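Written below as structure tokens is the structure these notes are about.
The values are calculated or read from the model by the stated rules, or taken from the named source; none is laboratory data. Being a predicted model, the structure only gives us computed values, none of them experimental. Please note: Cβ atoms are built from the backbone with ideal geometry, for glycine as well, and neighbour counts cover all protein chains shown. Accessible surface areas use protein heavy atoms only, side chains included; no ligands, DNA or RNA. Shrake-Rupley method; radii C 1.70, N 1.55, O 1.52, S 1.80 Å.
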Amino acid sequence: MVDHVFADLSLAALYDRLNPRGPGDDFYLGLLREAGAVLDIGCGTGQLLRRARAEGHRGRLMGLDPAAAMLVQARRARPDIEWVLGDVRVRRWQQDFDLVVMTGHAFQELLTDDDIRTCLHAARSALRDGGRFVFETRNPAARPWERWTPDRVHEITAADGTPVRVWHEVQPHAPARDRVHFTETYAGPHWPTPQVHHSTLRFLDATALNTLLTEAGLTVTEQYGDWARGPLTPMSPEIITVAGRA
């Protein structure tokens, strides 16, 4: 199921402005520079692959995403990259890539163990010997959702120069098991009333995550707590995982 936020063309056009370049992008770009063939699962508007190509990456770059509206943005910006509509349930590769990534906390949109297992098996299958699967998920121990409150408004300017305000609200204010349900609201002159979209993210701790990786035939080679490659601690903001074929 594609989140409506990513399926709406008007909202997809705002994604890059809401998600400017940050330390996570620099982390992943460093990995891409060392890889000849790269698959980005859940690539969205393809910011990462587009930047790699703009830097001079000459190898194979492929972005996979189930949201057509996001791929519209990707193709417009960089038609010299392979953009594939779909997901790992219907698209599979056999040892075609040196690096497989999931960025932008896309991994947290996998809400069930079966969803995760399907994704992990597909990532393992796509990796060549010696290849790496790299992704991140927010650390549940740091409780980041407590900062997703309506008073924290993001203000951006759309391509036509009009202002857009975006805010989040968790509902309810505590996670149901390891899932956090929240709304994302867009307000601006593009819409007669604020656009409210409901989303859910899953928060796995490192122990549960590593168990699923092992079951899928993947071995964790590195795990960090932040984009500076700091150690994973109970209060680290991220769980950044580098894994290879077992």
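Descriptive notes on the structure:
- For the range 45-55, the count of residues that are within 22 Å of Ala69 (Cα to Cα), under 14 Å from the mean Cα position of the chain (by Cα), polar (S, T, N, Q) and open to solvent by less than 30 Å² (accessible area, probe 1.4 Å) is at least one.
- Selection of the range 103-121 for residues being under 16 Å from the mean Cα position of the chain (by Cα), open to solvent by 10 Å² or more (accessible area, probe 1.4 Å) and not hydroxyl-bearing (Ser, Thr, Tyr) yields Gly104, His105, Ala106, Glu109, Leu110, Leu111, Asp115.
- Every residue from the range 190-207 that is surrounded by 14 or more Cβ atoms within 10 Å (Cβ to Cβ) and not in a strand (DSSP E or B): His190, Phe203, Leu204, Asp205, Ala206
- Residues of the range 219-245 satisfying the condition of being of a type in the set (A, V, I, L, M, F, W, C) and at pLDDT 95 or above: Val220, Trp227, Ala228, Leu232, Ile239, Ile240, Val242, Ala243
- Test set (1) under 19 Å from Val242 (Cα atoms); (2) open to solvent by 50 Å² or more (accessible area, probe 1.4 Å); (3) among the hydrophobic types (A, V, I, L, M, F, W, C) - Leu9 fails condition number: (1)
- When the range 23-43 is filtered for residues that are touching a residue at least 60 places away in the same chain (Cβ under 8 Å), of a type in the set (Gly, Ala, Ser) and out of contact with any strand residue (DSSP E or B) (no Cβ under 6 Å at 6 or more places or on another chain), only Gly24 remains.
- Those residues of the range 129-150 which are farther than 16 Å from Asn210 by Cα and surrounded by 19 or more Cβ atoms within 10 Å (Cβ to Cβ), in sequence order: Gly131, Trp145
- Cβ pairs under 8 Å, 6+ apart, first in the range 153-164 and open to solvent by less than 90 Å² (accessible area, probe 1.4 Å), second in a strand (DSSP E or B) and basic (Lys, Arg): Val153/Arg165
- Count of the range 174-189 residues, restricted to those that are out of contact with any strand residue (DSSP E or B) (no Cβ under 7 Å at 6 or more places or on another chain) and surrounded by 11 or more Cβ atoms within 10 Å (Cβ to Cβ), is 1.
- Matching residues, the range 214-246, being buried (at least 20 other Cβ atoms within 10 Å of the Cβ), under 20 Å from Arg128 (Cα atoms) and in contact with a strand residue (DSSP E or B) (Cβ under 7 Å, 6 or more places away or on another chain): Leu218, Thr241, Ala243
- Taking the criterion of being of a type in the set (A, V, I, L, M, F, W, C) and either under 18 Å from Gly217 (Cβ atoms) or at pLDDT 95 or above (or both), the residues of the range 86-110 that qualify are Val88, Trp93, Phe97, Leu99, Val100, Val101, Met102, Ala106, Phe107, Leu110.
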